[in-house]
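See structure below.
The values are calculated or read from the model by the stated rules, or taken from the named source; none is laboratory data. Here the structure is a predicted model, which is why all the values come from computation and not from measurement. In this analysis, Cβ positions are derived from the backbone assuming ideal geometry, glycine residues included, and neighbour counts consider all displayed protein chains.
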C-alpha cells in the first residue's frame with residue numbers, strides 16, 4: 001500500500017484543487033499589501049531626501065552666514081539636547097503610569113468600571129496639543145510652583161532640581177508632565193490590547209498554585225506583554241520627541257544646555273524652535289531650520305530602530 005504524503009499543507013491542497021491558480025481576492029490582497037509597503041518606504045525616502053537636499057546649504061555654509069553667527073553644530077546641539085531631555089523624561093513618567101492603568105483596566109477593575117476608564121484614557125488622545133499647552137501654562141504651571149519650590153528646598157543637591165525655581169511655571173518640568181499626559185493613552189492602549197490576550201490558562205494555573213493576583217500578573221501577564229510595553233513606550237517617545245505646540249506654548253526658552261528642570265532658563269526642542277522661527281525666516285535661515293528637522297528625523301529613526309532591535313531580541317529569548 002503506497003504511503004500517503006501528509007506534509008502537504010492546506011495552501012498547497014487548495015492551490016492543487018484550483019488548478020494552481022490563486023483566487024482573485026488573494027491576488028488583490030497581496031497586491032494591495034505590496035503597494036502599501038512600497039508606498040511607505042517611498043514616502044519615508046522622499047521625506048529624508050527632501051530634508052537632506054534642503055538642509056545641505058546650511059551644512060556647507062560658514063558660521064558667519066548662519067543665524068546667530070554660530071556653526072550649525074552649535075545651533076543644533078542645544079535643540080537636540082532639549083528634545084531628548086523632554087522626550088526621555090516624559091516617557092519615564094508616562095510609561096509606568098500607562099502600564100499600571102492598563103493592568104488595572106484589564107485585570108483588576110470590575111468590567112463596567114474598566115470599560116468607562118478605558119474610554120476616558122483613550123479620550124486623552126483626542127485632545128488637541130494646543131489645548132494641552134494652554135492647560136499647561138494656565139493651570140498646571142501655576143499649580144506646580146509650590147511643588148518646584150519644595151523640590152529646590154529639599155532636593156536642590158540633585159542637578160535636576162537645582163533651581164532657582166521658576167515663579168511662573170514655564171519650565172521643562174511642566175513641559176515634561178504635559179508630554180507625559182499626552183503620550184499616556186498611546187502607551188496604555190498598546191499595553192491594554194496585549195494584556196487582554198495573555199493566556200488565561202497560565203493565569204488560572206498561577207492562581208491555582210496559590211499565587212496572589214499581583215504575583216500572577218508579575219509571573220504571567222507582564223512577561224507576556226513585555227514586547228508590547230517596549231513598543232508602546234517607543235511610540236509614545238516618538239510622539240514626545242516631535243511634539244510642537246504644547247512645548248512651544250509652555251517653555252520659556254533661553255537656549256541653554258542644562259539638566260535643571262525647574263528653573264526659568266530652559267533648553268528648547270527642535271520642533272518648538274521650528275514652529276517659533278519658521279514664519280519669520282528666509283534664505284539660509286530656512287535651510288538651517290530644515291537641517292534641524294533632519295536631525296529630529298534621524299533621532300526618531302534611531303529610536304524606532306533601537307526599539308525594533310529590543311523587541312526582536314526579546315522575542316528570540
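Below are the figures for this structure:
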item: Residue count, the range 109-123 (criterion: part of a helix (DSSP H, G or I) and exposed (fewer than 10 other Cβ atoms within 10 Å of the Cβ)); result: 3
item: Failed item, numbered, when residue 227 is tested on (1) over 18 Å from residue 73 (Cβ atoms); (2) modelled with pLDDT of 85 or more; result: (2)
item: Subset of the range 167-225 [within 27 Å of the chain's Cα centre (by Cα), part of a helix (DSSP H, G or I) and over 30 Å from residue 143 (Cβ atoms)]; result: 193, 194, 195, 217, 218, 219, 220, 221, 222, 223, 224
item: Meets criteria (part of a loop (DSSP other than H, G, I, E, B), touching a residue at least 40 places away in the same chain (Cβ under 8 Å) and in contact with a strand residue (DSSP E or B) (Cβ under 6 Å, 6 or more places away or on another chain)) for residue 268; result: yes
item: Residue in the range 236-249 that is touching a residue at least 12 places away in the same chain (Cβ under 8 Å), more than 20 Å from residue 177 (Cα to Cα) and part of a helix (DSSP H, G or I) present; result: no
item: Matching option when the condition is within 30 Å of residue 164 (Cβ to Cβ), at pLDDT 85 or above and buried (at least 16 other Cβ atoms within 10 Å of the Cβ), among 300, 258; result: 258
item: Enumeration of residues in the range 274-297 that are under 19 Å from residue 246 (Cα atoms) and loosely packed, with under 13 Cβ neighbours inside 10 Å; result: 279
item: Where a residue in the range 141-165 is at negative phi and in contact (Cβ under 8 Å) with a residue 40 or more places away in the chain and its partner, wherever it lies, is outside any helix (DSSP H, G or I) and exposed (fewer than 15 other Cβ atoms within 10 Å of the Cβ), with Cβ under 6 Å and at least six apart; result: 159/259; 160/259
item: Checking residue 252 against (1) at pLDDT below 85; (2) surrounded by 21 or more Cβ atoms within 10 Å (Cβ to Cβ), the condition it does not meet; result: (2)
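Residues are listed down the side, and each one gets a yes or a no for (1) in contact with a helix residue (DSSP H, G or I) (Cβ under 7 Å, 6 or more places away or on another chain); (2) crowded, with 17+ Cβ neighbours inside 10 Å:
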| position | (1), (2) |
| --- | --- |
| 125 | yes, no |
| 128 | no, no |
| 132 | yes, yes |
| 137 | yes, yes |
| 141 | yes, yes |
| 144 | yes, yes |
| 147 | no, no |
| 153 | no, no |
| 157 | no, no |
